[in-house]
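Let me begin by presenting the structure, written as structure tokens, before commenting on it.
The values are calculated or read from the model by the stated rules, or taken from the named source; none is laboratory data. None of these values were measured; they are calculated from a predicted model. Because the Cβ atoms are built from the backbone with ideal geometry, glycine has one as well, and the counts that use them run over all protein chains shown. Each accessible area value is taken on the protein alone, full model and side chains, heavy atoms only, with ligands, DNA and RNA left out. Shrake-Rupley method; radii C 1.70, N 1.55, O 1.52, S 1.80 Å.
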Amino acid sequence: MHADPRCVLTGTHFINGDAACCEGAIAAGARFAAGYPITPSTEIVERFAARAPEVGGLFIQMEDEIASSIAIQGMVWAGQKAFTVTSGPGFSLMMEHIGLAAMTETPVVFVDVQRGGPSTGLPTLPSQGDMMQARFGSHGDYAVIALSPNSPQECFDLAVKAFNLAEEFRVPVMLMMDECVGHMTERVVIPPAEQIPIYPRRHTKKPPEQFRLYEPGEDLVPEMAYAGEGYKIYVTGLTHDERGYPSLNPATQKKLITRLFEKIRRAADRLVMVEADRLEGADVVVVSYGITSRVAMRAVQAAREKGIQVGTLRLICVWPFPEKLIRELAPKVKAMVMPELNMGQVVIELERCAVGQCKVISVPHAGGTVHDPAEILDAIERGAQ
Amino acid sequence: MSTTELEVHNPVEDLLRQDRLPTIWCPGCGIGTTVNSFAHALLKQDIDLKKTVIVSGIGCSGRVSGYMNLDSFHTTHGRAIPFATGLKLANPELNVIVYSGDGDLASIGGNHLIHAARRNIDILVVCINNMIYAMTGGQAAATTPSSALSTTTPYGAFEPELNLVQLVDAAGASFVARWTAYHVVQLERTIEKALKKKGFRFIEVLSPCPTYFQRKNNMGDALQAMLDYKKRSKIKHGCPTWETALTPGGDIIVGEFVDREREDYLTRMRKQLGPHYSEFPPQLEEHESEGCSKEC
């Protein structure tokens, strides 16, 4: 299945990451969105509000982020593809509904254009401070997927990917942009529709009497039915059995939560998306994601000019974390350096996977601007010793 | 001696998920009574049950969606209305009914209630008002009468109670009514009427909570609550909603208060978009094979 040609703006554009993200969502088949204005994410839904009537869709500006994050789930259960868009404080308000989407296995996309925090923080300035919130922000145990673009082009590509992964795994997928990527204007090539693969919704073909809403397939992902089709579906955020009926006991909880975890964990190796350069023979590897990966390149070049063997590993899919890859890489290098626009979040995962095998040097940054490459170079030099 | 077994068929049986019964509600609770009126109204109405969806939030009344043999959504606390909004907007063919409690719809979900009424989203909201947070053990709600005792107002509530029908009327609801769990026939008729109407429709139903509200406030048992409803209720159709405040011991004004014509959200959107409007894509599968509805 491929994107709908009449809704894809095939061609070369000079647009920012927010606009590219909107076009990616439309190309992926999203026709519905709900949102609440917040800088620096709003341009995405502003564009969607203008584009939606042209493609037969709708944008509704809800009264708050809480409403937006659940209205989109109503849209999905009515048989559509939908997403919402926000930034830091709004993302915090959406947390309960990320849990609901995980529990009810609602394929939906949340875009967070990160800004400095905590609290109101730096509304117009960049940060990567929501990375752990994307993974652990809602209460309880669940597994999700989070992607991190480092260019407007990737905002388009990964928006499509986010919707596809949401459909394939029936999980909330988060597109973790940041203010710099959202507002950066660059060349974005939107391919012809036939080159944009779309993962079709796992809509059941079974008749209602044979259908169980949460009966998993071999890959642990169940099929869906929509409201209004005669399946009399029962969707609840309570712990439920395969019929979707509440069943509040430890055995059902164990079965359900284990499956919600396993469906992602089992596919983790396949989900890994990294951009690796010169890992072979490297003494130091710079691990980064999002806008920070572009800044880190300047430091890497400087280190190479000084004769240090530096490899780079960019995480495009941050959650699930490329655990196996890091475990294999760690014994082969002296150090891994991780700059992040936060006080050290994803580096905790890096340390866990590299434990005892090599040095892990965090290069934290409080946000508001990108790193000075000199800080990263300094860390590379320390790692090489 | 032979006996003849009488097969008694409850007409609303098919509308309930039999395998989920009995309900979790306490003896004397009024929620089940309202569900009976609702089910009868659904049967009497020429309404496509396949396209009828019920959405609830959290709490005792939040369980209604799960007992109805319809497409059921049991969502998060206070957020049934925005979920229902998404359902209705993405598939306008659905009859969307929100059935939840006062704590859920008016306290934590109060903002959504106001804005759904303002937008005139085409959904029916049935709000069971038992004047207390029951499932969590009898804490005060926004609807708890002033001075009433609850586990979180051990010296009596210091806050005045919210008049829900006045609130949604002010926000622009198309249809606003109030009954009590005693008025089963009237409630059924009002639900029937509300099911036919377009736009945001709100029905408040006062319901006894003998376990937490009555007991705590020395108001007797469920029967006493019913006698009280019978004695204190005054039917005043068309009564201005600012005259319908619920005061301790005072009259309970019931009836259909508001029935106005206002364009609902989708109608207005389509009209305003004019030539820019194109039909929503059908549900996902067909949509993906046929493509979007307009050249773009």
Would you confirm, using the coordinates I've provided, whether B:V35 is in contact with a strand residue (DSSP E or B) (Cβ under 7 Å, 6 or more places away or on another chain) and open to solvent by less than 30 Å² (accessible area, probe 1.4 Å)?
no
Residues that are of a type in the set (S, T, Y), within 11 Å of another protein chain (Cβ to nearest Cβ) and in contact (Cβ under 8 Å) with a residue 24 or more places away in the chain: does segment B:11-25 have at least one?
no
The correct count of residues that are over 24 Å from B:Y229 (Cα atoms), more than 14 Å from every other protein chain (Cβ to nearest Cβ) and not in a loop (DSSP other than H, G, I, E, B) in segment B:26-47 is 2
Restricted to segment B:103-126 and to residues being within 11 Å of chain A (Cβ to nearest Cβ) and touching a strand residue (DSSP E or B) at 6+ places or on another chain (Cβ under 9 Å), the residue farthest from B:V258 (Cα to Cα) is B:G109
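Condition check ((1) farther than 30 Å from B:R215 by Cα; (2) open to solvent by 30 Å² or more (accessible area, probe 1.4 Å); (3) at pLDDT 95 or above) across all residues:
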residue	(1), (2), (3)
B:S2	yes, yes, no
B:E13	yes, yes, no
B:G30	no, no, yes
B:H40	yes, yes, yes
B:K51	yes, yes, yes
B:G66	no, no, yes
B:N69	yes, yes, yes
B:A84	yes, no, yes
B:L94	yes, no, yes
Per the filter on segment B:145-171, residues in contact with a Lys or Arg (Cβ under 6 Å, 6 or more places away or on another chain) and open to solvent by 10 Å² or more (accessible area, probe 1.4 Å) are B:L149, B:A171
Requiring at least 3 residues that are farther than 26 Å from A:F156 by Cβ, the helices (runs of 4 or more DSSP H) wholly within segment A:248-364 are A:250-265, A:291-305, A:323-329, A:346-354
Exactly one of A:K232, A:K254 is open to solvent by 20 Å² or more (accessible area, probe 1.4 Å), within 11 Å of chain B (Cβ to nearest Cβ) and modelled with pLDDT of 95 or more, and that one is A:K232
- Report whether or not A:G237 is in contact (Cβ under 8 Å) with a residue 60 or more places away in the chain, within 13 Å of chain B (Cβ to nearest Cβ) and farther than 18 Å from A:M103 by Cβ. no
Scanning segment A:1-47 residue by residue, those of a type in the set (D, E) and more than 14 Å from chain B (Cβ to nearest Cβ) turn out to be A:D18, A:E43, A:E46
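The rows are residues; the columns are (1) within 19 Å of the chain's Cα centre (by Cα); (2) closer than 19 Å to B:Y99 by Cβ.
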| residue | (1), (2) |
| --- | --- |
| B:M135 | yes, yes |
| B:Q166 | yes, no |
| B:F175 | yes, yes |
| B:Q224 | no, no |
Subset of segment B:107-120, residues of a type outside the set (D, E, K, R) and surrounded by fewer than 24 Cβ atoms within 10 Å (Cβ to Cβ), comes to B:S107, B:I108, B:G110, B:N111, B:I114, B:H115, B:N120
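Residues checked against (1) hydrophobic (A, V, I, L, M, F, W, C); (2) on the phi < 0 side of the Ramachandran plot; (3) in contact (Cβ under 8 Å) with a residue 40 or more places away in the chain:
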{"residue": "B:T190", "(1), (2), (3)": "no, yes, yes"}
{"residue": "B:F213", "(1), (2), (3)": "yes, yes, yes"}
{"residue": "B:R232", "(1), (2), (3)": "no, yes, no"}
{"residue": "B:K236", "(1), (2), (3)": "no, yes, no"}
{"residue": "B:P240", "(1), (2), (3)": "no, yes, no"}
{"residue": "B:P248", "(1), (2), (3)": "no, yes, yes"}
{"residue": "B:G255", "(1), (2), (3)": "no, no, yes"}
{"residue": "B:D259", "(1), (2), (3)": "no, yes, yes"}
The residue that is farthest from A:C7 (Cα to Cα), considering only those in segment A:216-231 that are in contact with an Asp or Glu (Cβ under 6 Å, 6 or more places away or on another chain) and not in a strand (DSSP E or B), is A:L220
In the set A:T12, A:T86, the lone residue that is open to solvent by 10 Å² or more (accessible area, probe 1.4 Å) and under 23 Å from A:I291 (Cβ atoms) is A:T12
Residues of segment A:81-95 being over 25 Å from B:L70 (Cβ atoms) and either facing chain B (nearest Cβ under 10 Å) or among the β-branched types (V, I, T) (or both), in sequence order, are A:T84, A:V85, A:T86
(message) Quick check on segment A:274-281. Is at least one of its residues open to solvent by 50 Å² or more (accessible area, probe 1.4 Å), of a type in the set (K, R) and farther than 23 Å from A:M177 by Cβ?
(response) yes
Screening A:A50, A:A78 for residues that are within 10 Å of chain B (Cβ to nearest Cβ) and farther than 24 Å from A:L100 by Cα leaves only A:A50
Pairs returned, first residue in segment B:264-277 that is under 12 Å from A:P53 (Cβ atoms), second residue that is open to solvent by 50 Å² or more (accessible area, probe 1.4 Å) and not aromatic (F, W, Y), beta-carbon separation under 8 angstrom, 6 or more apart or interchain, are B:H276/A:E54; B:Y277/B:R270
Condition set hydroxyl-bearing (S, T, Y) and assigned to a helix (DSSP H, G or I), scope segment A:33-81, selection nearest to B:L266 (Cα to Cα): answer is A:S68
**Asked** Does B:A177 count as touching a Phe, Trp or Tyr at 6+ places or on another chain (Cβ under 9 Å), more than 24 Å from B:I24 (Cβ to Cβ), aliphatic (A, V, I, L, M) and in a strand (DSSP E or B)?
**Response** yes
B:G78: passes all of (1) within 13 Å of chain A (Cβ to nearest Cβ); (2) open to solvent by less than 10 Å² (accessible area, probe 1.4 Å); (3) of a type outside the set (A, V, I, L, M, F, W, C); (4) in contact with a Lys or Arg (Cβ under 7 Å, 6 or more places away or on another chain) but (4)
Per the list (1) under 22 Å from B:T34 (Cα atoms); (2) in contact with a Lys or Arg (Cβ under 6 Å, 6 or more places away or on another chain), residue check on B:F200 breaks on (2)
Given the structure, is B:G137 out of contact with any Lys or Arg (no Cβ under 9 Å at 6 or more places or on another chain), surrounded by fewer than 24 Cβ atoms within 10 Å (Cβ to Cβ) and at positive phi?
yes
Expected single match for within 22 Å of B:V96 (Cβ to Cβ), in contact with a Lys or Arg (Cβ under 6 Å, 6 or more places away or on another chain) and crowded, with 24+ Cβ neighbours inside 10 Å among A:I70, A:I66 is A:I70
